[in-house]
Amino acid sequence: DPVFFYYLLRYLKPNFVGIARNKQTTGLGHITKRDLENLEAAYPRLPEQRAIAHILGTLDDKIELNRQMAQTLESIARAIFKSWFVDFDPVKAKMEGKQPEGMSEEIAALFPDRLVDSELGMIPEGWEVLKFPEEFDFTMGQSPPGSSYNEYFNGVPFYQGSADFGQWYPTERIYCTAPTRFANKGDV
């Protein structure tokens with residue numbers, strides 16, 4: 001079944017990456033026809049392949065739908081954040097004697113009814129302008145030896161900034177067998 005074969009190849013991707021990496025000299029690594037002919041994998045009979053492919057395809061469809069819903073919710077969250085904490089719409093509404101639109105009285109009570117001048121411009125009364133180091137402790141990571149990196153799921157996931165952090169969650173791309181520092185629960 002071609003769809004089952006697609007999922008099988010996707011599952012075997014780390015093997016392909018390893019083969020290509022072992023052949024890499026000065027340019028890009030590669031996979032040859034002989035490499036593919038030498039690859040071995042167990043697979044079920046055709047009816048089971050079709051059933052597995054259908055289930056995995058259905059799961060992929062659901063994942064894509066969830067991704068689209070998360071993108072929509074992210075857009076809504078960004079709009080609310082900008083309204084509340086950049087444009088200060090709830091504060092402005094209260095300054096006009098109005099109930100802030102789309103929020104409960106309990107949440108609205110958390111916002112002041114006045115803006116005051118600051119070095120950044122007008123901000124809600126009671127807010128402060130601070131520099132990040134005054135509020136947060138920063139801990140920088142340490143790079144483990146490059147020889148400990150792999151793409152074979154060996155070790156712990158190793159995240160390196162924007163290459164690995166997507167819009168909503170990190171992507172496990174590289175693994176490390178010799179990590180030097182871990183973030184602890186509650187670290188900022």
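The values are calculated or read from the model by the stated rules, or taken from the named source; none is laboratory data. Source: prediction; values computed, not measured. Every residue, glycine among them, receives a Cβ derived from its backbone with ideal geometry; neighbour counts consider all protein chains shown.
Could you check, for region 11-28, whether at least one of its residues is part of a helix (DSSP H, G or I) and over 24 Å from residue 153 (Cβ atoms)? Scanning region 11-28 turns up no residue that is part of a helix (DSSP H, G or I) and over 24 Å from residue 153 (Cβ atoms). Taken over region 151-188, the residue count meeting the criterion of being over 18 Å from the mean Cα position of the chain (by Cα), hydroxyl-bearing (Ser, Thr, Tyr) and at pLDDT below 75 is 0.
Taking into account only those residues within region 29-48 that are part of a helix (DSSP H, G or I) and not hydrophobic (A, V, I, L, M, F, W, C), which is surrounded by the most Cβ atoms within 10 Å (Cβ to Cβ)?
35
From the list 79, 93, 51, exactly one residue is of a type outside the set (S, T, N, Q) and loosely packed, with under 11 Cβ neighbours inside 10 Å. Which is it? The unique qualifying residue is 79. Being farther than 30 Å from residue 121 by Cα, surrounded by fewer than 10 Cβ atoms within 10 Å (Cβ to Cβ) and of a type in the set (A, V, I, L, M, F, W, C) is not true of residue 70.
Listed by position, the strands (runs of 3 or more DSSP E) enclosed by region 84-188 include none that has at least 1 residues that are under 30 Å from residue 72 (Cβ atoms), touching a strand residue (DSSP E or B) at 6+ places or on another chain (Cβ under 9 Å) and in the same structural domain as residue 74 (by TED's automatic domain parsing). The set of residues in region 11-28 being surrounded by 10 or more Cβ atoms within 10 Å (Cβ to Cβ) and either at pLDDT 85 or above or among the aliphatic types (A, V, I, L, M) (or both) consists of 11, 12, 13, 17, 19, 20.
Looking across region 51-107, the residues that are touching a Pro at 6+ places or on another chain (Cβ under 9 Å) and basic (Lys, Arg) come down to 92, 94. Taken over region 116-132, the residue count meeting the criterion of being loosely packed, with under 10 Cβ neighbours inside 10 Å and either over 30 Å from residue 89 (Cβ atoms) or of a type in the set (Phe, Trp, Tyr) (or both) is 1.
Exactly one residue out of 132, 158, 153, 182 is aromatic (Phe, Trp, Tyr) and under 21 Å from residue 81 (Cβ atoms), and it is 132.
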